[in-house]
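Read through the structure below, which is laid out as structure tokens, and then see the notes.
The values are calculated or read from the model by the stated rules, or taken from the named source; none is laboratory data. Everything numeric here is computed off the predicted structure, so don't read it as measured data. Positions of Cβ are backbone-derived with ideal geometry, glycine not excepted, and every protein chain shown enters the neighbour counts. In case anyone asks, the SASA skips ligands and DNA or RNA and just uses the protein heavy atoms, side chains included. Shrake-Rupley method; radii C 1.70, N 1.55, O 1.52, S 1.80 Å.
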Amino acid sequence: MKIIIVGCGKVGLTLAEQLTKEKHNVTVIDTNYNKLRAVTDSIDVMCIEGNGISTPILMEAGIDTADILIATMENDEKNVMCTLVAKQLGHCQAIARIRSAAYVDEIRNIKDQLNMSIVLNPDKAAAEEIGKLVAFPSSVKRIDSFARGRINVVAVTLPEESLLEGYRIRDLSRVIKANILICAIERDGDVIIPDGNSILHGGDTISFVGLHTQQNLFFKELKMTTGLPKSVMIIGGSNIAYYLAKAIESTTSVKIIDSDLERCKELSTILDKTTIINGDASDQQLLLEEGIESTDAVVTLTGIDEENIMISLYASSVSQARVITKINRITFENVISTLDVGSVVNPKVITADHITQYVRGMQNSLGSNIETLYTFASGKAEALEFRVTKEFQKLHTPIMDIALKKNLLLACIYRNGRVIVPGGHDTLEVADTVIVVTTQTGLNDLNDVLE
């Protein structure tokens, strides 16, 4: 498909990388020449320097024949204006990023009134992701939801002295009772799609799927606590902090610490049950006085990555809290993954994943049968949800008799409200959905999994 991205910030760059890998024809527009130069140095895309709201610039980019326009500029109003102009000049689907909390209650109206395909709020999406993570141990790195939230693929880092150390996957039933399927292993920056002979080691990040009850049993057997926290300390009074506190303050004791007095006053007027503390969260004495040693979860959401990392490291050293760290830059992802900063959330990547899922969804109408898509391990692997249609070449065939591509695993089948962790004798039937985990990126059809 022909896709135009207006705005070459972190979200725009991440989108350009992901969509180019999927062999879409991508054009990027930005007023900053240096940003565009950085893009062309690493990605094979067309770049146009200019104002993305300008009719001549959009026409030069080919808006009259484009399938999708994505507006990701820093200014919300410019993004809305850009999609309006694009709609007038062409027949493309329009996606706008809107960050301001002032518009959060109007997003549905904005989308409907202006005939946009998607209006995305990165801060709200990040808060929703954090809201899922706080109910799991800090060693959980990701939770990817499939089958409309009925199935989770959970990524968790095994402790160095793990109960599973040295065991082959086929022998796990000797040490755990949980019925789960390990579908990916991240180790030393690489991704392994395992088979029964794959050996687990402490420090591995494993992705696994299973019924929610079996996932909880797995954590219990590994002595990892789960369940909603009774208290949450949020460092930084950002929009993400507001959305998160708003979502959980009715059931959880929430405390926000921020150094900006005016922002603290603002938060105190819009959050009913959250305690707002004006102070410097890099002051260890302040954190101790506010109870960091006894809180159930610590979420670091300042605008400075280094500060978030340092406070998260401190929280991990003085407490048993579940720690969640917001990181905006993804350059040093491999280094950050070695630090004891709990779960890492990147709003830019979350936003890009949402948009990429929509693009894949558009392809469904053009012959693709992908329902959901997540990338992980710096884009080295994907977890995809396919719907099974009558065009699948191996219907009714036992999985053990299907020749699959290398580095690919059928991780889960969802059928008539039932979750199936597949074995060799299970089959794929019309109307099933199946989760595929693979390092072979760019799959668009379920038949693409076949050798």
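Using a probe of 1.4 angstrom and keeping all protein chains present, the accessible surface of the stretch 123-174 works out to 45 square angstrom per residue.
Rounded if a/c is under 1.5, else prolate if a/b is larger than b/c, else oblate: which is the chain, with a ≥ b ≥ c the root eigenvalues of its Cα gyration tensor?
Details: a/c = 1.80, a/b = 1.03, b/c = 1.75.
It is oblate, given that a/c is not under 1.5 and a/b is not larger than b/c.
Solvent-free Debye calculation, one equal scatterer per alpha-carbon of the stretch 276-315: log10 I(q)/I(0) at 0.17, 0.18, 0.20, 0.26 Å⁻¹ equals -0.41, -0.46, -0.58, -0.99. Computed over the stretch 22-72, relative contact order equals 32 percent, with contacts defined as Cα pairs under 8 Å that lie 6+ residues apart. Pairs exceeding a 31 Å alpha-carbon distance, out of K124/K265; K21/K177; K10/K390; K78/K141: K21/K177; K10/K390; K78/K141. The packing ranking, built from the mean of other Cβ atoms within 10 Å per residue, places the peptides 275-285, 241-251, 66-76 in the order 66-76, 241-251, 275-285, highest first.
Determine the dipole magnitude for the chain: charges of +1 sit on the beta-carbon of Lys and Arg, -1 on that of Asp and Glu, nothing else is charged, the reference point is the Cα centre, and the result goes in debye to the nearest 20.
Values: 44 positive and 58 negative charges, 230 e Å.
Result for the chain is approximately 1100 debye, rounded to the nearest 20.
Between the C-alpha center of the stretch 266-317 and that of the stretch 221-250 there is a gap of 11 Å. Each Lys and Arg adds +1 at its Cβ and each Asp and Glu adds -1 at its Cβ; summed about the Cα centre, the stretch 67-199 shows a dipole of about 460 debye.
Accessible surface area normalised per residue over the stretch 373-451 is 44 Å², counting heavy atoms of protein chains with a 1.4 Å rolling probe.
If you roll a 1.4 Å probe over the chain with all protein chains in place, what percent of the accessible area is carbon or sulfur? Show your work: numbers first, answer last.
On the way: 9820 of 20330 Å².
Carbon-and-sulfur percentage of accessible area, whole number: 48.
Since only G210, A411, H425 are under comparison, the one whose Cα sits farthest along the positive direction of the charge dipole of the chain, derived from C-beta charges on Lys, Arg, Asp and Glu, is H425. Only aspartates and glutamates eight or more places from K405 in sequence, or on another chain, were considered; those with a Cα closer than 12 Å are D448, E451. The stretch 396-425 and the stretch 1-48 have their alpha-carbon centroids 36 Å apart. Candidates H201, A184, S173 compared by Cα position along the dipole of the stretch 167-213: farthest toward the positive end lies S173, with charges placed on Cβ.
Can you give the relative contact order of the chain as a percent, counting alpha carbon pairs under 8 Å and 6+ residues apart? Mind dumping the intermediate values first?
On the way: 942 pairs, mean separation 53.9, N = 451.
Contact order relative to length: 12 percent.
A dipole drawn for the chain from +1 and -1 charges on Cβ atoms has a positive end, and of V153, T397, L36 the residue lying farthest that way is T397.
The packing ranking of peptides 124-130, 212-218, highest mean first, is 124-130, 212-218, where packing means the average number of other beta carbon atoms within 10 angstrom of each residue.
Put simply, the amide H of I151, placed in the peptide plane, has neighbours under 5 Å in F146, leaving out anything fewer than 5 places away on its chain. With the whole protein complex present, F376 retains an accessible surface near 10 Å², based on a 1.4 Å probe. Per-residue ellipticity at 222 nm computed for the chain from its helices equals -9000 deg cm²/dmol, with DSSP H segments shorter than 4 residues left out and the rest contributing -39,500 (n - 2.57).
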